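The values are calculated or read from the model by the stated rules, or taken from the named source; none is laboratory data. Since we're looking at a predicted model, the values are computed, not measured. We place every Cβ from the backbone using ideal geometry, glycine too, and count neighbours over all the protein chains shown. Protein only, heavy atoms only, side chains kept; ligands, DNA and RNA dropped before computing areas. Shrake-Rupley method; radii C 1.70, N 1.55, O 1.52, S 1.80 Å.
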Amino acid sequence: MAETTHAAAGTAHSAADAVAHGSAATQSAGMPQLEFAHFPNQIFWLVIALGALYYILSRVALPRIASILADRQGRIMDDIAAAEQLKLKAEEAETAYQKALADARAESNRIIAEARAEVQVELDAAIAKADAEIAAKAAESERSINEIRAGAIDSIEAVAKDTAGAIVAAFGTGADDAVVADAVNARLKG
Amino acid sequence: MATEQASEGGLVFHPMDQFIVSPLFGDGAVHWYTPTNVTLWLALTVAAIAALLVLGTKQGRVVPGKTQSIAELAYGFVYKMVEDVSGRDGLKYFPYIMTLFMFILFANFLGLLPMAFTTTSHIAVTAILAMAVFLAVTILGFVLNGASFLGMFWVKSAPLALRPVLALIEVISYFVRPVSHSIRLAGNMTAGHAVIKVFAAFAGLAALSPLAILGVVAMYGLEILVCFIQAYVFTILTCVYLKDALHPHH
């Protein structure tokens, strides 16, 4: 800034030179700035212009711009506050969501445990029932096997007596049935 | 130099003619009430500022348009300057400082238009501006601080023996303020415009015209800078003087 002022001062000097030379040729009355006769005119109109300008600025322009700037500031503040509130709401919503999620998880765990217990009970009952049935079936089978076995022994005795009688008859020595039966019984016991 | 050129190429220099005050209607004498080119360009200055600051902010949108942005920028620029330099209690005088800044800035820039009349190139105009600031600040200083305003000239931080000398220097510099304040502005405006005019006159010589046009362009660029800087300097010095009146004891 100081540099430009300095430069401007320099040009002022050269301009003054030009004026000094120019005035000789064109017989002008020197600097119009120093024409004191025109001072009242300039001052009069300047005062009017400044007065008008001050009136316009202080009554209309500056209050208006100030209110625009204040409005904007207020608007920004409001928006920031609103954003802050929305953020709080969002945070609340998030905590609510997290809570709901945790609740749901706990609930589902509970349901799973319950279901598991129920199934276990049913399973145990079914197993017990099946065990009982199996035991009954096994006993019955045992019994029929014993019957069959007993039956088989009787049959073997009869078959053995018949066979033995037949064999003896085949040898041509007919034998008494009672003797054959005793012999077979003795054999079977031995 | 000028006379040589004139005789060779019919070249005539009138670098100062652009500053002549002349009546708008007829060629009569310039009385204090005569509407002159000064009146016209002052009116244009006021109209241009009103267009920017009043019409530009008419819609008052929260998201500003181009013109409104510029108006707000100007407002913010001066407001911050007053606040920073003069302090918060200086903001009471913000409307007048804003008036000064906008007036000088627009008068300077309008003066750069071809064929324009630069109102701020006249010492009569700048002297009134500077004297208004000087008187207002001085009166304000005494009204707000009473006789203790004079303490501003009595430098307490200096050795006692030096204080009278310093006081003398301070008083002189205080009274030189309006002079430098006004001459700085008028001088810068006058000089720049006159130099552009001299360059422009050289453009009449075919051999020199490219150089002359280059010179005009360069000077014009410099002048745009100077126009803003001078408005800024005038305003910030006003703020500094105002600070002295508000807080004379630094």
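Applying the criterion of being surrounded by fewer than 18 Cβ atoms within 10 Å (Cβ to Cβ) and within 17 Å of the chain's Cα centre (by Cα) to the residues of segment B:96-131, the residue that is nearest to B:Gly221 (Cα to Cα) is B:Leu112.
Among the residues of segment B:70-79, are any open to solvent by less than 20 Å² (accessible area, probe 1.4 Å) and in contact with a Ser or Thr (Cβ under 6 Å, 6 or more places away or on another chain)? Scanning segment B:70-79 turns up at least one residue that is open to solvent by less than 20 Å² (accessible area, probe 1.4 Å) and in contact with a Ser or Thr (Cβ under 6 Å, 6 or more places away or on another chain). In segment B:153-175, the qualifying residues are those that are crowded, with 16+ Cβ neighbours inside 10 Å and either hydroxyl-bearing (Ser, Thr, Tyr) or not in a helix (DSSP H, G or I) (or both), and the one that is farthest from the chain's Cα centre (by Cα) is B:Val155. The set of residues in segment B:43-69 that are part of a loop (DSSP other than H, G, I, E, B), of a type in the set (Gly, Ala, Ser) and either more than 9 Å from chain A (Cβ to nearest Cβ) or surrounded by 18 or more Cβ atoms within 10 Å (Cβ to Cβ) (or both) comprises B:Gly56, B:Gly65.
Taken together, the residues in segment B:84-114 that are more than 20 Å from A:Ala49 (Cβ to Cβ), touching a helix residue (DSSP H, G or I) at 6+ places or on another chain (Cβ under 8 Å) and assigned to a loop (DSSP other than H, G, I, E, B) amount to 1. Residues that are within 19 Å of B:Tyr220 (Cα to Cα) and open to solvent by 20 Å² or more (accessible area, probe 1.4 Å) within segment B:176-197 comprise B:Arg184, B:Gly187, B:Ile196, B:Lys197, listed in sequence order. Number of residues in segment A:134-190 that are under 60 Å from the mean Cα position of the chain (by Cα) and touching a residue at least 12 places away in the same chain (Cβ under 8 Å) equals 0. B:Gly26 is checked against (1) at pLDDT below 90; (2) more than 9 Å from chain A (Cβ to nearest Cβ); (3) on the phi < 0 side of the Ramachandran plot; (4) loosely packed, with under 15 Cβ neighbours inside 10 Å and fails just one. What number does that condition carry? Every condition holds for B:Gly26 apart from (3).
Can you work out which of the residues in segment B:29-42 that are touching a Phe, Trp or Tyr at 6+ places or on another chain (Cβ under 8 Å) and outside any helix (DSSP H, G or I) is nearest to the other protein chains (Cβ to nearest Cβ)? Per the criteria, the residue is B:Trp32.
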